[in-house]
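Asks: Before I ask anything, here is the structure I am working with.
The values are calculated or read from the model by the stated rules, or taken from the named source; none is laboratory data. Quick caveat: nothing in here was measured; it's all calculated off a predicted structure. No Cβ is skipped: glycine too gets one built from the backbone with ideal geometry, and neighbour counts run over all protein chains shown. Accessible surface areas use protein heavy atoms only, side chains included; no ligands, DNA or RNA. Shrake-Rupley method; radii C 1.70, N 1.55, O 1.52, S 1.80 Å.
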Amino acid sequence: MLIPRDYFTLQEVLADWGISESELGYVVEMGQLTLSVRVYGSFVVADRKDRPGRCNPDYEGVVDLERRDAMRVLRKPACSVPSFAQAGGVVTTSEGGTDWVVYRDALLVRAAEREHFEATIMAAGAP
């Protein structure tokens, strides 16, 4: 029996799906797959992108990368990222703080995103 999980590592899903790096880059670039990362530390959290957020010095959670940032991280071993999406809101590094460094090998795929991708994109490519 598998342990229920909220997210999987990118390496796990790529192995399960059997897709190449170039296919991964394509589906991320086309907005068909959202990549995530776990962050922790001092972040400003806003429930909507158009509202100012409040600083949370002990924030911890899984946040989504914007498509352009996901593509940058896929092309390099690591990239600095100043903000992330989360449930219609935004999580940013604290004002005056340094950007969060996202490492390629720390990329995640949320369980719900995996299910959606498998049901739509992967199922459409099946014979």
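Asks: Please find the FRET efficiency linking residue 78 to residue 54, where r is the Cβ-Cβ separation and R0 is fixed at 22 Å, and quote it to the nearest 0.05.
Replies: The value I calculate is 0.20.
Asks: Ok, one more. Between residue 122 and residue 40, how high is the FRET efficiency from 1/(1 + (r/R0)^6) when r is the Cβ-Cβ distance and R₀ = 25 Å? Nearest 0.05.
Replies: Efficiency at R0 = 25 Å is approximately 0.20.
Asks: Rounded to the nearest whole Å², what accessible area per residue is found for the chain with the 1.4 Å probe?
Replies: Result: 61 Å² of accessible area for each residue.
Asks: Using only the Cα atoms of the chain, what semi-axes does the equivalent ellipsoid have when each is the square root of 5 times a gyration tensor eigenvalue? Give whole Å, largest first.
Replies: 27, 15, 14
Asks: Continuing with this model, one more query. Tell me the label-point distance for the pair residue 94, residue 26, using the 7 Å Cα-to-Cβ offset, in nm and rounded to one decimal.
Replies: Between residue 94 and residue 26, the label points sit 4.4 nm apart.
Asks: Please report the spacing between the Cα centers of segment 1-71 and segment 78-103 in Å, no decimals.
Replies: Going from one Cα centre to the other spans 11 Å.
Asks: Taking the simple approach of a point 7 Å from Cα along Cα-to-Cβ for both residue 2 and residue 103, what is their distance in nm?
Replies: Placing both labels 7 Å beyond Cα along the Cβ direction yields 2.5 nm.
Asks: Within 10 Å of each candidate Cβ there may be at most 15 other Cβ atoms; applying that plus a DSSP loop requirement, which trypsin sites (Lys or Arg not before Pro) in segment 1-104 survive? Write down the numbers at each step before the final one.
Replies: Numbers: sites: 5, 38, 48, 49, 54, 67, 68, 72, 75, 104; in loops: 5, 48, 49.
Passing both the DSSP loop test and the Cβ count: 5, 48, 49.
Asks: Right, another one. Going by average Cβ density within 10 Å per residue, which order do the peptides 16-22, 77-83 take, highest to lowest? Provide the component values of the computation, followed by the final result.
Replies: Numbers: 16-22: 11.6, 77-83: 15.0.
Ranked from most to least packed, the peptides come out as 77-83, 16-22.
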